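S.K.: What follows is a structure written as structure tokens; I'll ask about it next.
Since every read-out is calculated from the coordinates, none of them should be taken as a lab result. Just so it is clear, the model here is predicted, and its values are computed rather than measured. As a convention, Cβ positions derive from the backbone with ideal geometry for all residues, glycine included, and neighbour counts pool all protein chains shown.
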Amino acid sequence: MKFLHQQYQAKKKEILEVEIDQPTKVKFMSGLDFKKYKMGKTHKYFGGFFEESPVRFVLPYDSVWSVVVEKGTWKNPIEVNSSCRVLQPNRTAISSIAADAPAHVRKAILLEEHDEPASVQSADNEG
């Protein structure tokens with residue numbers, strides 16, 4: 001699997017923003033899950049397939065975060081250009097969740113704010 005990758009030491013409620021030039025999978029994961037991803041093992045991640053840019057993800061906890069932009073599959077590779085940056089939380093907003101965050105991200109953050117366990121996706125690496 002070919003992919004683009006960037007790592008960030010980031011804190012809870014900061015926002016990772018990814019610009020993509022065409023529809024593709026964007027995954028946000030911890031350092032440990034990135035190691036599993038590279039080895040083709042089952043890994044947990046936030047994100048999924050996105051058709052529009054920018055993709056914004058509000059970090060649920062402090063960690064070294066990996067941003068992965070997949071370049072298609074082994075059988076159907078694509079050329080993707082992307083850029084990524086960390087944004088500071090918007091302190092003037094009522095909620096720390098990005099307005100255009102995917103539904104599963106919004107749900108995970110809201111659950112965490114109420115001290116309930118947040119859910120994440122788990123996937124096998126495509127081969």
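S.K.: Could you list which residues have their amide H under 5 Å from that of LEU87, counting only those 5 or more apart in sequence or on another chain, with H placed in the peptide plane?
M.R.: Answer set, sorted by chain and number: ILE15, LEU16, GLU17.
S.K.: Among PHE50, PHE28, rank each residue by its count of other Cβ atoms within 10 Å, from fewest to most, as a rough exposure measure.
M.R.: PHE50, PHE28
S.K.: Sort MET29, MET39 so that the residue with the fewest other Cβ atoms within 10 Å of its own Cβ comes first and the one with the most comes last.
M.R.: Ordered from fewest to most neighbouring Cβ atoms within 10 Å, MET29, MET39 come out as MET39, MET29.
S.K.: Continuing with the same structure: How high is the FRET efficiency between GLU17 and MET39 when r is their beta carbon distance and R₀ equals 30 Å, given to the nearest 0.05? Each step should come with its number before you reach the end.
M.R.: Values: r = 28 Å, r/R0 = 0.93.
Given R0 = 30 Å and the Cβ-Cβ separation, E is 0.60.
S.K.: Can you pick out the pairs among LYS11/LYS75; LYS11/LYS44; LYS12/LYS36; LYS41/LYS71 whose Cα atoms lie more than 28 Å from each other? Display every interim value, and only then the final one.
M.R.: Numbers: LYS11/LYS75 37 Å; LYS11/LYS44 19 Å; LYS12/LYS36 23 Å; LYS41/LYS71 18 Å.
Listed pairs above 28 Å: LYS11/LYS75.
S.K.: Something else: Check which residues have an amide H placed less than 5 Å from THR73's amide H, if you skip close sequence neighbours.
M.R.: The answer is ILE78.
S.K.: How many angstrom lie between the C-alpha centres of segment 13-53 and segment 65-88?
M.R.: If you average the Cα positions of each part, the centres end up 7 Å apart.
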